[in-house]
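For reference, the structure discussed in these notes is given below.
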């Protein structure tokens, strides 16, 4: 979302950093993998729980120091509560006028004065909504939040290269690890809300928040089938929208991000009631992973790993 470049020599790899009220996630990915496999290397990864959000600065600084990440480039991932995401029709203006036109267009959607918002965009592929107007995704976050992130990351001795949203961090995961040539649905199921991305050929067509909340032990609860049906209904609505409104061929596979304990059982249960197969992502197939990274840490750090896999060079205005 935000690009900042330093004139100093860059440290190896990219650090992904995600901060919420209750935890800090951090991961380092090296693209120049000396192991000779040609795959990226997940060199370091850690999750640290927080008793309160006020601990974040101290914890991040300690992690950067203990993991020897000082001076590394960093892609920071916003917490869902830090931003709003909108899909809007692209204004019919010259590129030089696009951002000001977007500000005017979304000002009534914001929960803050438009002059207080940091705004960036990423495109919906050109072949979506065939025969209709071109659409864009717009990210809006308070400028004060961006300023706080710049200060937080800088004080931790990291170089802030970019700020992303979870939807794009998840897209990085699917680009690296999954074949979406014929379309792919990827879903990250969390207790506090879930994200679903629909992509094809590495491009993000549709991203949606899934409101069904799934606790870690949801499959052993009495109302699992009710919650499962609610989840499937939300997923199916997104699949239908992708086909009918975005004029795309049907999605043929749904992949889940791994959960704490019930991943394969949940995938099997969802497959029973869905028209497409459901499987669980295993990132170890296409990325090298340092031997000392715990399996559960790797699983819980998925968003930070996705942030560390960011690989584009574009500069946002």
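If you find the alpha carbon centre of segment 237-315 and of segment 12-85, how far apart are they in angstrom?
About 20 Å separates the Cα centre of segment 237-315 from the one of segment 12-85.
Before anything else, pin down the relative contact order of the chain: Cα pairs under 8 Å, at least 6 apart, normalised by residue count, whole percent.
Details: 576 pairs, mean separation 76.7, N = 317.
Contact order relative to length: 24 percent.
How would you rank 155-164, 113-122, highest first, on the average number of other Cβ atoms within 10 Å across their residues? Provide the component values of the computation, followed by the final result.
Details: 155-164: 21.1, 113-122: 15.8.
Result, highest mean Cβ count within 10 Å first: 155-164, 113-122.
Which three numbers, in whole Å and largest first, are the semi-axes of the equivalent ellipsoid of segment 67-195 derived from its Cα gyration tensor as √(5λ)? Let's see the in-between values first.
Working: eigenvalues 141, 103, 41 Å².
Result for segment 67-195: semi-axes of 27, 23, 14 Å.
Using helices alone, what [θ] at 222 nm do you get for the chain, with -39,500 (n - 2.57) per DSSP H run of 4 or more residues, divided over all residues and rounded to the nearest 500?
On the way: 8 runs with 90 residues, N = 317.
Computed mean residue ellipticity for the chain: -8500 deg cm²/dmol.
Pull up the DSSP beta bridges for segment 179-280 and report the antiparallel fraction as a percent, rounded to 5.
Working: 12 of 18 bridges.
In segment 179-280, DSSP labels about 65 percent of beta bridges as antiparallel.
On average, how much area does the Cα convex hull of segment 179-280 cover when viewed from any direction, in nm²? Walk me through the numbers on the way to the answer.
Details: hull surface 23.5 nm².
Computed as one quarter of the Cα hull surface, the answer is 5.9 nm².
Taking the convex hull of the alpha carbon atoms in the chain, what volume per residue do you get, in Å³?
Numbers: hull volume 47.0 nm³, N = 317.
Here the figure is 148 Å³ per residue.
Compute the distance in nm between two label points, each set 7 Å from the Cα along the Cα-to-Cβ direction, one at residue 126 and one at residue 148.
Taking the simple label geometry, residue 126 and residue 148 are separated by 4.1 nm.
Values quoted throughout were computed directly from the atomic coordinates according to the rules given, and no laboratory measurement underlies them. None of the values given here were measured: they were computed from a predicted structure. As a convention, Cβ positions derive from the backbone with ideal geometry for all residues, glycine included, and neighbour counts pool all protein chains shown.
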